[in-house]
Amino acid sequence: MPINDSAAGGTYYQPFERAYAGETEDGTPVYVYVPVGALEGVVGVHSLDPAFDHDGTDEFVPCAENSADDYLLTQDQVDYIGDALADQILAVNEEHFGDLGAAASGSDALVTLVYNVQDDSYYDCTVSSYTAGYFAPEYLSAESLGMNVMVLDAFDWANRVGEDPDAAPWSDGDPANDRPELYEGVVAHELEHMLMNYSDAGELSWVDEGLADMAAFLNGYDMTGSHLTYQQVFHRETSLTRWGGGLENYGASFSYFLYLWEQAGGNGDGSLEPDLGYDDTAGDLLIKLIFAEQADGMVGVQNAIDAYNAETGDDLASAEELFKDWAVAMKLDDEGSSRWDLENFDLGADSGGWTIDLANDVFWDDRGSYRGAQPDAKWDRLKNRPGTTALPFGVSYETFRNPGPQVSLEFDGEATTTIEDHSGDGQHWWAGYESQTDHVLGLDAEITGGETVTFWNWHFIEEGWDYGFVEALVGGDWVTLEVTLAGSDPEVVVSTDEDPHGNNTEGNGITGTSGGVYFVDEPAYVQYEVTVPDGATDVQFRYSTDAAYLDTGWFIDEIAVDGMSARVTPEIDPVSEEPDWVLIEGKQINQWVVQVISTCDLTPGVDSAFEITDDADNYVYRFEGDTNGDISTGALDTRCANGNTADFFAVISNLATGELTVLDADYDFDVVNLGAKGRR
């Protein structure tokens, strides 16, 4: 099997042997493979022993503190995992999501590899999290194995396999270490990714990962722990819709889809607990429609809600309205509320003891918590005010106590955020924002070989994983071209032949940040050039992404052949019939929302259009920004927010829309004390 090292880079080949063979009720073969010799011990077993180093020539050295005892595997454990997959997980996942297909070889067998995955924690002893499993789409392809393969890590199976590991034959004798059914949940999660790859390979990670966590939940596995913990602690640093790959991103995506499942009725029989069966109604139906929808991201979620409402006759709110409600629910988590609660979790107890309030107060040192009146001189100097940059579909929570008898929140948000084109004519070509795709922009010019093609480009491409290529057609084959900084002397090569993760096998890939250092500098428009080889008849630009994280991508402007402007033509996707590259202004429209949460009525005697109440005496005031990004709450009677325990909360979000939806946006707001009579 080809194994990719996600931390050190590089691919090596590891022999595996079959440790389990079974089949599902409908006859799908289910296999589990382990490194050769793994069931006889750990020390000296390649891809299991934590001291194993597949490349002793690089600077990456396995962490010496990792104990071989933590990677013991037994036949009983492997049989248990195999049976769980064959007897339950595959059936539950296929019913709730979609069918497992046949890979390139024609086999529909489901293979699980178990080994010690090389990740950051493999080499760095200070890293506490690890890769518990993954799905690699390349295994399905004819160029690789052509088989349905997913991976489980071998760490600590003694405490992480079984409903009650302490009572299992493999118990380590210490129930305090137990994390029951962790690997069963990982199997369900990674299997959803495989099913999604057959259904909609280009789906955005935040949707795919959220549904993958839902797969573990719908299988009845415990989903408390790190994902929810990190979401509560790093809530302000997390965008729902721009995947960052952190545990907090998993927590946000999962809790959002769980909230949708519950609000749509869960199982449909009045129960909001998973029953392992698919009921073709209520939350089960909604989740399946989201999975099957071919449009990506929030657009796809909205399409699924529309289809759900049409099919059921229900009137479920829009994806954006549900996001606003979810943002409130993650703060309140009020068990008495049918609107602002996660029925399946008690945040705090089920998120490692953390809540948003506790995280702001303790972890972030009283961040966004204000006591007393906030005159301008004080407000502008507060050290505990969070930054005023919003992530798309992120949430910032700020707390006010004893602010004065009446206040108004005056908000000024950036109306649009734009990646400006280079030419100044207002438009440039963008390769799009889609996982696991190759988007092609063809050069519409006569090519005979020897030409110099220059182009201005702005790129923020996941370094080492995603790549842009300039290619020439030579003898019927597309070959990549070395890319240099235009006009540089001596010549500066900006493309790379390095291939740490098998995504730059052709070489000459463009990756990282244009004009700067990846994740340090802001991207800038820079002019690149290539020399077309002799015998070439065509040139194209290709943007290639893998199955997970995405950055903003690749923009191109002002293409010239030997100094003469050249036209380009994007390929058309045969499925969506949409062009691969799009000509856009590069503009994101910022839709600002400020919600004020209180346990008392801040507008007594007034029933306004922006006031929402529930069945638990919570008051939410929802204010939408105008076209300039401005919001004024008007007078809020905050006398009820006085005392040692009374307060109200401001919840700030940007529901970005437009051509781009993945950019940060700036805002500012003031707390205006209006005095007892509503005057400034």
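Structure summary
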read-out	value
Cα gyration tensor shape of the chain, rounded if a/c is under 1.5, else prolate or oblate by comparing a/b with b/c	oblate
Magnitude of the charge dipole, the stretch 435-486, Cβ model with Lys/Arg +1 and Asp/Glu -1, debye to 20	80 debye
Low-density loop positions, GluC sites (Glu not before Pro), the stretch 62-146 - DSSP coil, at most 14 other Cβ in 10 Å	65, 143
Dipole of the stretch 520-575 [Lys/Arg +1, Asp/Glu -1 at C-beta], most positive-end residue of 572, 559, 541	572
Distance between modelled label sites at residue 489 and residue 601, nm, 7 Å Cα→Cβ extension	7.9 nm
Charged-residue dipole, Cβ positions (Lys, Arg, Asp, Glu), the stretch 467-547 about Cα centre, Debye nearest 20	180 debye
Within the accessible area of the chain (1.4 Å probe), percent carbon and sulfur	46 percent
Helix-only [θ]222 nm of the chain, DSSP H runs n ≥ 4, -39500 (n - 2.57) each, per residue, nearest 500	-5500 deg cm²/dmol
Hydrodynamic radius (Kirkwood) for the stretch 456-605, which is based on Cα pairs only, to one decimal in Å	17.9 Å
Relative packing of 409-415, 281-287, which averages over residues the other C-beta atoms within 10 Å, highest first	281-287, 409-415
Loop chymotrypsin sites (Phe, Trp or Tyr not before Pro), the stretch 511-611 (other Cβ atoms within 10 Å of the site Cβ: 12 or fewer; DSSP)	519
Spacing of the two label points (7 Å from each Cα toward its C-beta) at residue 306 and residue 335, in nm	4.0 nm
Global geometry of the stretch 615-680, whether rounded, prolate or oblate, following the gyration tensor of its Cα atoms and the 1.5 cut on a/c	prolate
Formal net charge of residues neighbouring residue 208 (Cβ-Cβ distance under 9 Å; K, R +1; D, E -1)	-4
Relative counts (whole %) of C-alpha pair distances in the stretch 216-334, using bins that are 10 Å wide	13, 44, 37, 6
Among 169, 158, 147 - extreme Cα towards positive end, dipole of the stretch 134-187, charges at beta-carbon	147
Relative contact order for the chain, counting Cα pairs under 8 Å that sit 6 or more residues apart, in percent	13 percent
Free-standing Cys, the chain [no other Cys Cβ under 4.7 Å]	none
Gap separating the Cα centres of the stretch 37-53 and the stretch 269-323, nearest whole Å	45 Å
Gyration tensor (alpha-carbon) shape descriptor, the stretch 305-380, a/c threshold 1.5	oblate
By accessible area with a 1.4 Å probe, ligands and nucleic acids excluded, highest first: order of 135, 363, 97	363, 135, 97
Computed P(r) (all Cα pairs; the stretch 118-221; 5 Å bins; percent)	2, 12, 17, 18, 19, 16, 9, 4, 1, 0
Selection of GluC sites (Glu not before Pro), the stretch 494-599, meeting DSSP coil and at most 15 other Cβ within 10 Å	498, 571, 577
Charge dipole (debye, nearest 20) of the chain; +1 at Cβ of Lys and Arg, -1 at Cβ of Asp and Glu	2560 debye
Residues residue 521 and residue 382, FRET efficiency given R0 of 35 Å [Cβ-Cβ distance, rounded to 0.05]	0.75
Stokes-Einstein D for the stretch 380-435, Kirkwood Rh over Cα pairs, 37 °C, 0.692 mPa s (µm²/s)	202 µm²/s
Exposure of residue 640 as accessible area (Å², to 10), given a probe of 1.4 Å and all protein chains	50 Å²
Probe 1.4 Å, accessible area per residue of the chain, Å²	40 Å²
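The values are calculated or read from the model by the stated rules, or taken from the named source; none is laboratory data. Every value quoted in this text rests on a predicted model; they were computed, and no experiment measured them. As a convention, Cβ positions derive from the backbone with ideal geometry for all residues, glycine included, and neighbour counts pool all protein chains shown. Note: areas computed on protein heavy atoms with side chains; ligands, DNA, RNA excluded. Shrake-Rupley method; radii C 1.70, N 1.55, O 1.52, S 1.80 Å.
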